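Q: Take this structure first; my questions come after.
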Amino acid sequence: MTPIIRVHHLHKHFRLTRNRHGLLGAVRGLIAPEYRTVRAVDGISFDLARGELVGYLGPNGAGKSTTIKMLAGLLVPTSGEIVVNGHVPWRERQAYVARIGAVFGQRTTLWWDLPVSESLDLLQHIYKIPAQQFQRNLDEFRQLLGLDAFINTPVRALSLGQRMRADLCAALLHDPDLLFLDEPTIGLDVVAKERIRQFIQHVNRVRGTTVILTTHDLSDVEKLCERVMIIDHGRLLYDGKLEFLREKFGGKRQLVVDFAENYSDAPVDGAEIAGRDGNRVTYEFERRVIAASELIGRLSSQYRINDLEVREPDIESTIRRIYEEKLLENASDAAN
Amino acid sequence: MRLFFELARRSFQRQLTYRAATIAGLVTNFFFGVLRVAVLTAFYGVQAEVNGLSLQGAITFTGLTQAIIGYLSLFGWYEVMNSIYTGAVATDLLKPMGYYRFWMAQDLGRAVAQLVMRALPIMLAYAIFFPITWPKSVGQWLALVVAMALAWMISFSVRFLANLAGFWTPNALGFVRFAFILMYFLTGFLMPLRFFPDWFVRLCNLTPFPYIINTVVEIFLGVLTGPQIVVALLSQLGWVVILGVACQLILRAGVRRLVIQGG
Ligand SMILES: Nc1ncnc2c1ncn2[C@@H]1O[C@H](COP(=O)(O)OP(=O)(O)OP(=O)(O)O)[C@@H](O)[C@H]1O
Ligand SMILES: [Mg+2]
């Protein structure tokens with residue numbers, strides 16, 4: 001099957017004028033401005049199949065929003081190719097945007113002074129959505145997103161979480177093939193986040209909409225994405241399964257054991273003791289060295305055990321380690 | 001067409017909700033109208049006519065121009081520029097519709113609301129307090145309606161064009177303000193154009209500005225007659241087309257340049 005998104009050697013460079021200090025500097029700046037180039041996106045390639053839901057991750061300033069804007073046709077690439085749904089996004093704007101939906105967490109598509117319902121009606125006309133389809137979608141989203149409580153409130157009077165729900169509904173009324181979400185959970189409380197995640201999952205699973213999601217909240221990723229892409233400094237550091245990332249860079253797993261007796265020491269091959277608290281001992285072990293079942297087998301043959309629990313390294317600390325320790329860059333150096 | 005109407009209707013409704021602003025605008029426009037009447041009366045002194053315009057005509061002129069300030073957004077309109085600067089333009093460009101028509105529809109709603117809520121009350125107030133001249137024939141009224149509609153389209157396109165400067169510089173405010181100051185003089189808002197020297201009027205007539213106000217005024221006062229009216233309306237129409245094309249071309253170049261601010 002042909003991919004719905006194909007991105008090839010994509011670059012976006014911004015040219016900024018360098019400000020010089022003082023009067024003399026200002027005058028020189030006028031005569032011979034000095035430029036500085038920011039490589040916001042610096043050679044990214046990937047494909048996306050129809051129906052995928054990928055997380056697009058990276059630290060602040062990594063180039064996520066810039067990529068999304070290019071994919072949505074809002075920015076013209078400096079070089080490289082993008083083909084989405086058979087279109088070059090920025091070239092055929094009107095035809096292209098009719099088939100996509102986008103939510104930029106920081107701003108709204110809705111009319112500030114109009115009640116939500118009026119904005120949605122306008123969108124029906126803008127996207128020329130047949131009345132039946134519009135009504136069906138609206139009913140479904142109203143219920144899933146709980147819009148009824150504020151559907152007659154002007155957008156300017158909505159809370160952030162309410163506005164985000166209204167915006168998600170607005171982005172999907174026309175049954176887009178693709179949905180771009182740039183930080184859709186930014187600034188929301190736990191309950192609101194969860195509701196939005198469930199909605200995104202529903203849209204992806206039930207409607208088959210392809211979704212690209214950027215976020216700084218890794219529970220979004222854990223809950224939603226099988227595949228993640230990690231970028232930093234405009235370069236793609238990782239593109240693959242989240243699970244693999246966890247295995248490879250996840251650090252150590254933990255096994256917490258409650259023994260039936262108080263052993264003064266309880267060594268076992270393949271794992272190290274990381275802490276103890278009365279009868280409770282915490283072991284650390286590596287996935288590639290020993291499987292959890294094997295370790296449990298060894299322990300139970302040597303000691304009397306009441307209870308035990310395997311703890312996976314959380315994805316948040318994994319990805320933080322990847323950013324901070326530049327694990328992926330070293331990994332690719334080693335591979336070359 | 002349906003979309004255009006729906007956008008205009010929402011924009012009209014939105015204007016109706018700005019009641020306090022409307023009343024403030026009404027009072028201000030009328031107050032300055034009275035001032036202008038005083039100045040013109042002093043200027044006329046004992047003369048019955050200046051450059052073919054009677055004092056009553058001049059008073060009508062001030063009433064009419066004060067009345068349509070809101071309709072034509074003569075004193076400034078920065079919405080497109082602001083939406084470029086806040087990045088709101090991004091969400092509008094994600095909608096499958098022409099950006100120029102999108103704003104035109106919304107401006108139409110705004111303009112019609114201003115016509116109803118500001119232009120009519122001001123003209124009525126003038127009619128109560130001052131001697132004014134009204135159009136005398138059905139034909140003149142019809143021509144006036146057409147001229148007003150075309151004047152709005154020209155004014156919209158000029159304002160839109162000026163706002164597009166926002167695509168090129170982060171400091172377009174000065175430029176857009178300058179465009180509005182030009183409008184102030186060259187449209188014939190400040191003074192009827194016929195008070196100015198001939199060469200100046202001829203120069204103005206090479207620009208779209210007089211077709212925003214002067215044409216409307218001259219039709220209203222009956223200065224233009226018969227074939228002159230037809231020529232004036234056709235000239236307006238010509239500017240509507242030229243400016244419409246210019247807006248589209250420059251808009252396209254601007255969108256290409258667009259760098260949306262903010263993360
Ligand atoms: N309009 C612009 N002009 C100049 N530089 C820009 C512009 N937009 C983005 N940049 C720069 O490009 C880089 C990438 O920015 P981008 O907004 O894509 O990051 P991001 O990954 O979305 O970050 P965040 O997580 O903070 O939203 C940054 O260094 C930023 O300063
Ligand atoms: Mg961003």
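The values are calculated or read from the model by the stated rules, or taken from the named source; none is laboratory data. Model, not experiment: these values are computed from the prediction. Glycine gets a Cβ as well: all are built from the backbone with ideal geometry, and neighbour counts include every protein chain shown. Protein only, heavy atoms only, side chains kept; ligands, DNA and RNA dropped before computing areas. Shrake-Rupley method; radii C 1.70, N 1.55, O 1.52, S 1.80 Å.
Q: Across segment A:237-265, what is the number of residues that are within 18 Å of A:Glu222 (Cβ to Cβ), free of Cβ contacts under 8 Å to residues at least 60 places away in the same chain and of a type outside the set (Lys, Arg)?
A: 5
Q: Just to be sure, is A:Ala49 more than 16 Å from ligand 2 (Cβ to nearest atom) and either outside the structural domain of A:Pro176 (by TED's automatic domain parsing) or closer than 30 Å to A:Gly208 by Cβ (or both)?
A: yes
Q: Which residue is surrounded by the most Cβ atoms within 10 Å (Cβ to Cβ), if the candidates are limited to segment A:229-261 and must be part of a loop (DSSP other than H, G, I, E, B) and on the phi < 0 side of the Ramachandran plot?
A: Checking each candidate, the answer is A:Gly250.
Q: Right, something else. Looking at (1) over 27 Å from A:Pro176 (Cα atoms); (2) in contact with an Asp or Glu (Cβ under 7 Å, 6 or more places away or on another chain), can you tell me which one A:Phe249 breaks?
A: Here A:Phe249 clears every test but (2).
Q: Here is a further query. If you check A:Val103, A:Val41, which single one turns out to be within 16 Å of ligand 2 (Cβ to nearest atom), in a strand (DSSP E or B) and either of a type outside the set (A, V, I, L, M) or under 14 Å from A:His11 (Cα atoms) (or both)?
A: Of A:Val103, A:Val41, the one residue that is within 16 Å of ligand 2 (Cβ to nearest atom), in a strand (DSSP E or B) and either of a type outside the set (A, V, I, L, M) or under 14 Å from A:His11 (Cα atoms) (or both) is A:Val41.
Q: Right, here's the next one. Within segment A:186-225, can you find the residues that are open to solvent by less than 10 Å² (accessible area, probe 1.4 Å) and of a type in the set (Val, Ile, Thr)?
A: If the condition is that a residue be open to solvent by less than 10 Å² (accessible area, probe 1.4 Å) and of a type in the set (Val, Ile, Thr), then A:Ile196, A:Ile200, A:Val203, A:Thr209, A:Thr210, A:Val211, A:Ile212, A:Thr214, A:Thr215, A:Val221 are the ones that fit.
Q: Looking at segment A:180-209, which of its residues are of a type in the set (D, E, K, R) and touching a strand residue (DSSP E or B) at 6+ places or on another chain (Cβ under 8 Å)?
A: Residues satisfying the conditions are A:Asp182, A:Glu183.
Q: Taking the criterion of being over 30 Å from B:Asp198 (Cβ atoms) and in a helix (DSSP H, G or I), would at least one residue in segment B:31-45 satisfy it?
A: Checked segment B:31-45: at least one residue is over 30 Å from B:Asp198 (Cβ atoms) and in a helix (DSSP H, G or I).
Q: With the condition kept exactly as written, say whether any residue in segment A:207-222 is away from ligand 2 (no atom under 16 Å from the Cβ) and either touching a Cys at 6+ places or on another chain (Cβ under 8 Å) or modelled with pLDDT under 90 (or both).
A: Taking every residue of segment A:207-222 in turn, at least one turns out to be away from ligand 2 (no atom under 16 Å from the Cβ) and either touching a Cys at 6+ places or on another chain (Cβ under 8 Å) or modelled with pLDDT under 90 (or both).
Q: Only one of A:Leu53, A:Leu57, A:Leu120 is among the hydrophobic types (A, V, I, L, M, F, W, C), open to solvent by less than 10 Å² (accessible area, probe 1.4 Å) and either within 11 Å of another protein chain (Cβ to nearest Cβ) or in contact (Cβ under 8 Å) with a residue 60 or more places away in the chain (or both). Can you tell me which?
A: On inspection, the qualifying residue turns out to be A:Leu57.
Q: Can you pull out every residue in segment B:1-17 that is aliphatic (A, V, I, L, M) and either on the phi > 0 side of the Ramachandran plot or more than 7 Å from chain A (Cβ to nearest Cβ) (or both)?
A: Hits for segment B:1-17 are B:Met1, B:Ala8, B:Leu16.
Q: Mind listing whichever residues of segment A:178-221 are within 16 Å of ligand 1 (Cβ to nearest atom) and either touching a His at 6+ places or on another chain (Cβ under 9 Å) or not aliphatic (A, V, I, L, M) (or both)?
A: Of everything in segment A:178-221, those that are within 16 Å of ligand 1 (Cβ to nearest atom) and either touching a His at 6+ places or on another chain (Cβ under 9 Å) or not aliphatic (A, V, I, L, M) (or both) turn out to be A:Phe180, A:Asp182, A:Glu183, A:Pro184, A:Thr185, A:Ile186, A:Gly187, A:Thr214, A:Thr215, A:His216, A:Asp217, A:Asp220.
Q: When you check A:Leu122 against the structure, is it out of contact with any strand residue (DSSP E or B) (no Cβ under 8 Å at 6 or more places or on another chain), aliphatic (A, V, I, L, M) and within 16 Å of ligand 2 (Cβ to nearest atom), yes or no?
A: Considered against the rule, which asks whether it is out of contact with any strand residue (DSSP E or B) (no Cβ under 8 Å at 6 or more places or on another chain), aliphatic (A, V, I, L, M) and within 16 Å of ligand 2 (Cβ to nearest atom), A:Leu122 comes out as no.
Q: So A:Leu110 passes all but one of these: (1) surrounded by 21 or more Cβ atoms within 10 Å (Cβ to Cβ); (2) touching a residue at least 12 places away in the same chain (Cβ under 8 Å); (3) within 16 Å of ligand 2 (Cβ to nearest atom). Which condition number does it fail?
A: (3)
Q: Hey, does segment A:66-77 have a residue that's away from chain B (no Cβ under 11 Å), among the β-branched types (Val, Ile, Thr) and away from ligand 2 (no atom under 13 Å from the Cβ)?
A: No: zero hits.
Q: Can you name the residue in segment A:52-65 that is in contact with a helix residue (DSSP H, G or I) (Cβ under 8 Å, 6 or more places away or on another chain) and part of a strand (DSSP E or B) and is also farthest from ligand 2 (Cβ to nearest atom) among such residues?
A: A:Leu53
Q: Then there's this: For segment B:80-163, please list each of the helices (runs of 4 or more DSSP H) lying entirely inside it that holds at least 1 residues being open to solvent by 20 Å² or more (accessible area, probe 1.4 Å) and of a type in the set (Gly, Ala, Ser).
A: In segment B:80-163, the matching helices (runs of 4 or more DSSP H) lie at B:88-93, B:120-129.
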